[in-house]
1. Looking at this structure, is N108 touching a helix residue (DSSP H, G or I) at 6+ places or on another chain (Cβ under 7 Å) and not in a strand (DSSP E or B)?
2. Checking D23 against (1) within 19 Å of V92 (Cβ to Cβ); (2) at pLDDT below 90, which single condition isn't satisfied?
Amino acid sequence: MTATMPPRTDLRWGQIYGIDVIDHDSWMAGAPVIVDGDYVGQSRQKRRARENQHRDSQAFADLIVGSPRVLWEGWCTDTELDEMERRFIQDVPLEQRPRLNYLLNEDNPHRIPKYTLKEQRHARDDRRGEPHWEPTEYQPQAYGYRSQPAVRVRQAWKPWQKHLLGWPVGWLLSTIAGWVGLVVKFDFTTWWHPLATAAAGLPSLIVVVLLGWLLVRSLTSKPKRRRSKRKRR
């Protein structure tokens, strides 16, 4: 019999992309020069969404030329995607290594630090007569995307909640059975029949209120958004 491997559940579609950027000094000199793949990143999102994130959060966003180019794509684990990104940043000739990457690029003598990128952006803002740029959170609605609706997460019942529900239900059923017996053989001449009916009524009322509270609480629980555990680069 041929052994079969169980299907892997840790594989997802991922991409390594490169962004072409105009060199700052050439832009300031009035003779723009485009640097191919001056930033390399990874994504499991749609390319347009990832590009918009960069335009909101990166100081060099105003120098981006066109859209990101796919350098590699395929099914992979998170570890494999990280390794593939490292290769495109480090395992290339020095003159081809991206200058704008902060991580995995510490040994690149041509790397441009983040504070320098921000200073360069402010210099370009001054040249245009615009307010100084500051990073902002990604706002999908600004690009025509709708934010993902909240996903209602059903929380599992805890043991004490199950017991709290089970005992009142059993009590209520026993009380109803007792009521039926009293109705069938109710006798006002017997002194304890009216007292037993009243005594059974009060706990039953408490049980009904408790069950109603549990039901309302379960239906009005606030929805929670599922957050990705992956870090943005």
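1. Values: touching a helix residue (DSSP H, G or I) at 6+ places or on another chain (Cβ under 7 Å): no; not in a strand (DSSP E or B): yes.
For N108, the condition - touching a helix residue (DSSP H, G or I) at 6+ places or on another chain (Cβ under 7 Å) and not in a strand (DSSP E or B) - is not met.
2. (2)
The values are calculated or read from the model by the stated rules, or taken from the named source; none is laboratory data. Since we're looking at a predicted model, the values are computed, not measured. Every residue, glycine among them, receives a Cβ derived from its backbone with ideal geometry; neighbour counts consider all protein chains shown.
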